[in-house]
Amino acid sequence: MAILVTGGAGYIGSHTCIELLNAGYEIIILDNFYNSKRESLNRIKELSGKDFKFYECDIRDRKGLDNIFENEKIEAVIHFAGLKAVGESCRKPLEYYDNNIGGTVTLCQAMRDHGVKKIVFSSSATVYGMNNISPLREDMQTGGTTNPYGTTKYMIEIILQDLYKADNEWSIALLRYFNPIGAHKSGRIGEDPNGIPNNLMPYISQVAIGKLPCLNIFGNDYDTPDGTGVRDYIHVVDLALGHVKAVEKVMGCKELNIYNLGTGTGYSVLDIVNAFKKASGVDVPYKIAPRRDGDIATCYSDPSKALKELGWKAERGLEEMCEDTWRWQKNNPDGYPDD
Ligand code: NAD
Ligand code: UFG
């Protein structure tokens, strides 16, 4: 029996596939390469020393999904596939609702019709909205999202909760990621954003490598220790290991569970800049810019539920996150080669 990984060629998916293969699972990857390159699949094979099947397929393609479920013995699905750029989602809301929500509904219909009722879903801390006070706990109210991307995550959580209420043969884990950064220790796989990065860490590493002139820090007048925004950065390999625990959990129960995957520690933008400079030995010029719309001052997790129920805890610190990001950036200044 295999685990189907949708979006497995992407940033978090590729790291998770390696940890699943290392843990002895058989995997099948599905991706449409909207935001990833084929080369990441070669590198998953190289780093794990293991082979796997791959389907180039869109999660909105019901016939394509049926073909996979008919031909493969699939026990559970880890569902990463989706669009994730906050700014783009404001410009293209229909594409985001179609891809993320339409795609997830089609995937779940195909799963149901083929008797596969175990799913781990990539949700986000963004579902906590603007009004909760950190540390964020899973039982806090969600909603009040500030952009279509965030709203898709909130709505998919509701859809999956309704699905479980209607049929408790399902087993569902909703994983709320905080801010994944870092890369595999080898420097062979990592985050490969298209165009100018939206997120802090890829922006910093592209300034450090000389592709961008200067980091804009979005506001230094927040109510935080140094005035810059505070987030819960988590090493992508720790996040990947959280998925191995979560998939074990869904395969062993018929429940719906929600888990924060974060470290529980908040760092400011300036903390990250300084840690990156130290880890890389390279300067990161920055200037203070106006606040970015939709940003909040502080967002970090209470990760104790995942520790208690999954036996999972993030182990890698900020220094390692920066070192590993830098190794990936330095060794792959232009990301993965084109297909
Ligand atoms: P990513 O873009 O690197 O990976 C997503 C993968 O899904 C890509 O390979 C893309 O080609 C594929 N994909 C997109 N739409 C598809 C479709 N319709 N059919 C098939 N494949 C499709 O993103 P990531 O950072 O690895 O994020 C993975 C998941 O985690 C996403 O759902 C994202 O929203 C969620 N998430 C990410 C973050 C983050 O900061 N990276 C934070 C919270 C949640
Ligand atoms: N920041 C800058 N300059 C930049 C980019 C970011 O100062 O060029 C600051 C932001 O203002 C914020 C912090 O760095 O204070 C982190 O910003 P990111 O864009 O890296 O991350 P966010 O916390 O805004 O959001 C990310 C994802 C969301 C996801 C959320 C929680 O983009 O999709 O983490 O998982 F929902």
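Miscellaneous remarks
- Antiparallel content of DSSP bridges confined to the chain, in %, to 5: 5 percent
- Over region 45-108: Kirkwood hydrodynamic radius from C-alpha pairwise inverse distances, Å: 13.7 Å
- Sequence-distant aspartates and glutamates (8 or more away, or on other chains) whose Cα lies within less than 14 Å of Lys287: Asp221
- Remark on region 109-179: hydrodynamic radius 13.1 angstrom, per the Kirkwood mean of 1/r across alpha carbon pairs.
- Volume per residue of the C-alpha convex hull in the chain, rounded to whole Å³: 123 Å³
- With the convex hull drawn over the C-alpha atoms of region 170-224, the volume per residue is 176 Å³.
- Among Met201, Met130, the ranking by other beta carbons within 10 Å of each residue's beta carbon, starting with the fewest, stands as Met130, Met201.
- In the chain, a dipole from Cβ-located charges (positive for Lys and Arg, negative for Asp and Glu) runs towards its positive end, and of His184, Asn194, Cys253 it is His184 whose Cα lies farthest in that direction.
- Proxy reagent accessibility, fewest Cβ within 10 Å first, across Glu255, Glu70, Glu88: Glu70, Glu255, Glu88
- Prolate/oblate/rounded call for region 278-333, Cα gyration tensor, a/c under 1.5 rounded: oblate
- Debye-formula intensities of region 207-258, expressed as log10 I(q)/I(0) at q = 0.20 Å⁻¹, are -0.84 (one equal scatterer per alpha-carbon, no solvent).
- Contact order relative to length of the chain, as percent, for alpha carbon pairs under 8 angstrom and 6 or more apart: 20 percent
- Rounded to the nearest 10 degrees, the inclination of helix 236-251 to the longest alpha-carbon principal axis of the chain is 20 degrees.
- Fewest neighbouring Cβ atoms within 10 Å first, the residues Thr152, Thr146 line up as Thr146, Thr152.
- Principal axis box of region 204-322, alpha-carbon based, largest edge first, Å: 50, 29, 21
Coordinate-derived values only; no laboratory data. Since the model is a prediction, treat every value here as computed from it, not as a measurement. All Cβ positions, even for glycine, are placed from backbone atoms using ideal geometry, and neighbour counts span all protein chains on display.
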